[in-house]
Structure formats: C-alpha cells, structure tokens
Amino acid sequence: VHGGSNIPRTPPQAMHPRVQHRDQKQHKVLEEQWTSKDESICSMNAFELRTLLAERKLCAVDVAKAFCKRSKLVGLRKLNCVTEEFYDEAVEKARELDQLPDSTWQDIDKYPLLGIPMSIKDQLFQKGAVASCGMRVFCSEESTTDGILVEMLRDAGAIPFVRSNVPQCLMLPESMNNIWGTSSNPWNLARTVGGSSGGEGGLIASFCSPLGIGTDIGGSIRIPANFCGITGFKPSPSRITMHGMAIPRLNARNGQLVIPPAAGPLARSADDCALLMSAVLRKKMFDEDPYLTPLTFDMQLYRKGLGRPLRIGYFTTDNWFQPCETAVRAVHEAVELFKKQGHEVVEFQLAPDMDGWAACAAYFGILAAEGNMHGFIQGLQGEPLHPYYRKLKAIADIPNFLRPLIRVILSTTGERRKAALFKNTRNGGLSTREFWEHCADLAVLKDRWQAKFREEKLDALVMPATALPALPHGGSVDLSLSMSYTFLFNLLQWPAGVLPVTVVQPAEARYPENAQLPENQRDEFAQKARESMVGAQGLPVGVQIACLPNHDELCLHVMKVLEKGVCWQTKPDIV
C-alpha cells in the first residue's frame, strides 16, 4: 500500500519485489482492533512510557501492540513512511521482556530503553531487514546481523519494530525513492516529511513510533524534526559511531571524510533523546569504534545544567537565505522564554566570513567536489536517478568552458546565489588544489565560529531551524539551499538540535517580497520560497540550539529548558 489518494505514488509497474514482500507479510497483531487503550499508549513519549513500564503500570506487550497497529494504519497506509515491518517479532520480544523481574525494569540506568518500541532508519543494519538507502541495488540481501547501534539499542531494552523511509542515496531533504515511493507529512499530505531521516519524522509526529534513530550530514535529523514538529538531535560526530550502517556508494567506499555524518535520535522530547544517547554512549561502542571520544553520557549535566544561569546567543538570519516570518518569530519567542526562566540572551552578529554565504561555499564545494554526482551514479549501478535529482544532474554536467559566462550572466541578472553555487562546483570534479582551498576555508570558518562563541562567553546559540516550514512535494529541487542553517553545524561539527515552538499563522503564509529582502537574495530562489509558503498555515516551525563540540549534554539541557517554556501540545490533524 503506497498511501492515500493525495500521496505521490510509485507507478504500479515499478513496484519492487521488496515492497510486495512487505505488503504480503501477515501479522497476527494486526488482527486485533484499535482501542482507546492503544490511543492512550501512543500519545505518550518514550520517557513517559519507560517510567510507567518501570512502575509496572504498563506491560511491554500492550505498548508494542499499540504502536504496531498505529504504524500500519497511519504510518504506512496514510503517510507511506514505512519500509519494512517487524510487528509480530516485536510483540514476541515484548512478551519475553514482560517476564523480567521488577528489579530489572526499575534499573533505568542500565536499561534506559527497556520495552520501548523503536523505528529504525532504512540505512542501519538490522537482522532480517535490508538497508536500502532508497536504492534498488541494496534491496537484494537482508542483513544477517544487527549493526552496532541497533545491537546496542537492543542491549538497552529497545524493541525495533518498523523501518522508515529515506530519499534515494540519502541526499535530499525529502523522503522519496524508486522502491518505497514518497512519504507525506502528517500535518499536510501535500508536504514532505523532510529527509533524509524523513520517514522517522513522519512516524514520530503521527504517534506511530515513540522514538527513532536517524543520521545527519546536512540536517537529515533536524530538517524532518522541524518539518514534522518533533524533537531531533544531531550529536557531535566524535561522540557516536557510524559503523553498522549502509554507505550509499559502490562497494561502500566513501572518500568524503571532511564533513562527517552523525547518528542521533528523533523523538517527542529532549528526555527521549537523552535516553537514547545514554543507551549508546557506552564502552561497547567505544570498543567497536576507537576513533570516538570515549565519553559516556553525563545524565547529571543534562538534568541539572551548569548550576548557573545560561548565557545564550541568538541570530535570526544567516544572510544567505532570509527565514520566513514564522521562523523569525519562533526565535524571538524562544529568546523571551529563556529570559523568563532567568537566563541571559544576547544577539550574535555574523561577520561575512562566517555567515551562510561562507558556509554554503564550503558545504557545496566539498560535498560536490567529485563532480557530476559521480558517487551517486556509480552507487546506483544502473538504477535511474529519481526525477528530483535530474535538475541537479543537468547543472552538474554543464561544460566548464560555459561556466564563467553563465556566472557572469547570473550575477548581472540578480541571481547571485546561483552564481555562487556555480563558482564552487565543476564538471569533472575539482582539482586537488581547489578542493584543498575549500578545506582551508572550512578550517577558517570553524576557527571563526569557535573564537566568536568564546569571545561572547556563550553557553549555547539559538537560531532558525530552517528558513521555511515543510516544503511541498518536490520543493527540494529548488529549495534545498534554504536548509543552510542546518548545513552549518555539520561543517562545524557541533552538536545541534531542533524542537518545535509554534505554527505558521494564516497571515504568515507568505515570504517577503523582493523589496523586503537583501539585494543579493532577490532571485528565483526567493520566488520559489513565496510559492512554497502558499498554503503553509498550520505547519510547525521550530528553532535550532547548538553548542561547542562534545557539549552534547549541555545542548540537550538547553533544549529541555526551552521545551519547558514552550509546552508544545499541538498535534497534526491526522492524529
């Protein structure tokens, strides 16, 4: 089943055998009716569930059954966020866990996720599942063992029960591919859940899963969190392993090591994220991956903070992509909520050598350095690129002798952002010298941000999560660069998280006209943003919190402080 009538579908003739395998699989638990008890269970976040399980006020079987039923009814049939299902297996595991003594259930430090059903991004290796990365070539063989992260989640008591959709090759802020189809946003089926961990965002926002794990190299956790009105956290890449998951390249060979990805939680509260972090930041993971910083999760720091009022910086624009009115309002509301709780908040000024123009030059220059989307094409092994990539591919293939002329034309016609992107990419790939220049620019960028942060004596930063709320399906073709606010912290390798603050009001369902924008943003991207904002009323909008590298506990603590002030209770209509 590929979802409701408003959801873009994979044509029937293109349905992959793995989809047929999923849809033909029988699940005994689905024979049971949906009940008011199920509704109550699915309304709880992971921390609440773990507390009630520890008190034995809930049994694991009832929790597993509730989320399995909802995942099928809503997560797959309405949203198409599900790739593979392990419902009966989850119920059977829950039944085993229910036999454990009360003392085991009460040991939350040792088993922080005991009895919690979890959704898993379709990239992590899981026994009996494919890790497709949205690519057909990866659908032919099931994993025979769990990857290290899934193994550690199970060690902590979690019950993986469903896998979530992703974009082909994991590199667009939407979740669509030629196998599983397109996932839709529970707040508005005409909108995307984001990507690449978008299936996770949709499942958690629609109360089909209490907790999930995704990965992030440009916002792939934080973009779905913002688009879907949930909490998402990208750890410092030095804290959590990327072992035990598929790499969407030929023979799993990826030479791009300058901007590292990070795995992390998607959830409905900061407490949920802290539970997952405490479950995986353990000796077993550090033994598996000796390149990690062997720091276990400091739950005391997360809960108590620094023992003094925080000093938080804020900014409302990165000067590359002006945020919509609601995103700006969300930052100002966050500032006021921090102040009401006794914290100091100061404006953080971005110099030209550290703003979004500098960040995007480094980000796109490094990630596109090989040229012509070579790694994607090679990794797909003959599978056609999804249509959403075709425009990017056409641009990547423009001959180099035409590029200087095109840049001049773009600059003189007001398309300065397009000209900047052309300047930092090249047909056939960059030379070693050009690539090293981008790496040097990135080193300067990291130094500037760290120095400015320390100069201001800050503990954290708050800013827009993305410039726009959830895009219409296909919107990422032209508006991926509006995610510059998340790109930044992959470049800097800082921990960063997103949480919901507000929704787009009817009067805010618009984007500034050119006269209200800086001259260098009066272009086609701005027009596309205006089109995207039509009908955006009611969509969730959050803010992003960031701290210095390895200050992950502090970052989550600041998120929890803001969460307490926001008291987010808004739910999508689909619930």
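Checking each residue in segment 256-290 for being open to solvent by 60 Å² or more (accessible area, probe 1.4 Å), more than 18 Å from residue 215 (Cα to Cα) and without any contact (Cβ under 8 Å) to a residue 24 or more places away in the chain picks out 283, 287, 290. Listed residues 479, 499; which is crowded, with 21+ Cβ neighbours inside 10 Å, over 24 Å from residue 568 (Cβ atoms) and either of a type in the set (A, V, I, L, M) or touching a Gly at 6+ places or on another chain (Cβ under 6 Å) (or both)? After ruling out the rest, the residue left standing is 479. Kindly indicate whether any position in segment 322-332 is open to solvent by 40 Å² or more (accessible area, probe 1.4 Å), part of a loop (DSSP other than H, G, I, E, B), farther than 30 Å from residue 538 by Cβ and not hydrophobic (A, V, I, L, M, F, W, C). No, every residue in segment 322-332 fails to be open to solvent by 40 Å² or more (accessible area, probe 1.4 Å), part of a loop (DSSP other than H, G, I, E, B), farther than 30 Å from residue 538 by Cβ and not hydrophobic (A, V, I, L, M, F, W, C).
When the residues of segment 554-565 are filtered to those that are within 19 Å of the chain's Cα centre (by Cα) and surrounded by fewer than 24 Cβ atoms within 10 Å (Cβ to Cβ), the one that is nearest to residue 466 (Cα to Cα) is 563. Inside segment 209-231, can you point out the residues that are in a helix (DSSP H, G or I) and either touching a strand residue (DSSP E or B) at 6+ places or on another chain (Cβ under 7 Å) or open to solvent by 10 Å² or more (accessible area, probe 1.4 Å) (or both)? The answer is 222, 224, 225, 226, 227, 228.
Does segment 534-552 include one or more residues that are within 19 Å of the chain's Cα centre (by Cα) and farther than 18 Å from residue 461 by Cβ? Checked against the condition, which is being within 19 Å of the chain's Cα centre (by Cα) and farther than 18 Å from residue 461 by Cβ, segment 534-552 yields at least one hit.
Scoring residue 515 on the criteria (1) touching a strand residue (DSSP E or B) at 6+ places or on another chain (Cβ under 7 Å); (2) over 26 Å from residue 477 (Cβ atoms); (3) surrounded by fewer than 21 Cβ atoms within 10 Å (Cβ to Cβ); (4) small (Gly, Ala, Ser) leaves a single failure, condition (1). Among the criteria (1) in a loop (DSSP other than H, G, I, E, B); (2) free of Cβ contacts under 8 Å to residues at least 40 places away in the same chain; (3) within 29 Å of residue 139 (Cα to Cα); (4) of a type outside the set (Gly, Ala, Ser), the one residue 390 does not fulfil is (1).
Here's the yes/no breakdown for (1) farther than 26 Å from residue 349 by Cα; (2) assigned to a loop (DSSP other than H, G, I, E, B); (3) β-branched (Val, Ile, Thr); (4) open to solvent by less than 50 Å² (accessible area, probe 1.4 Å):
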| position | (1), (2), (3), (4) |
| --- | --- |
| 404 | yes, no, no, no |
| 418 | no, no, no, yes |
| 422 | yes, no, no, yes |
| 427 | yes, yes, no, yes |
| 442 | no, no, no, yes |
| 454 | no, no, no, no |
| 461 | no, no, no, yes |
| 466 | no, yes, yes, yes |
| 487 | no, no, no, yes |
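Consider segment 304-321 and keep the residues that are touching a Gly at 6+ places or on another chain (Cβ under 6 Å) and of a type outside the set (A, V, I, L, M, F, W, C). The one that is surrounded by the most Cβ atoms within 10 Å (Cβ to Cβ) is 318.
A count restricted to segment 55-96 and to residues that are assigned to a helix (DSSP H, G or I), without any contact (Cβ under 8 Å) to a residue 60 or more places away in the chain and either in contact with a Cys (Cβ under 8 Å, 6 or more places away or on another chain) or among the aliphatic types (A, V, I, L, M) (or both) stands at 4.
The values are calculated or read from the model by the stated rules, or taken from the named source; none is laboratory data. Computed from a prediction, not measured in an experiment: that's the story for all the values here. Virtual Cβ from ideal backbone geometry, glycine too; neighbours counted across all protein chains shown. Note: areas computed on protein heavy atoms with side chains; ligands, DNA, RNA excluded. Shrake-Rupley method; radii C 1.70, N 1.55, O 1.52, S 1.80 Å.
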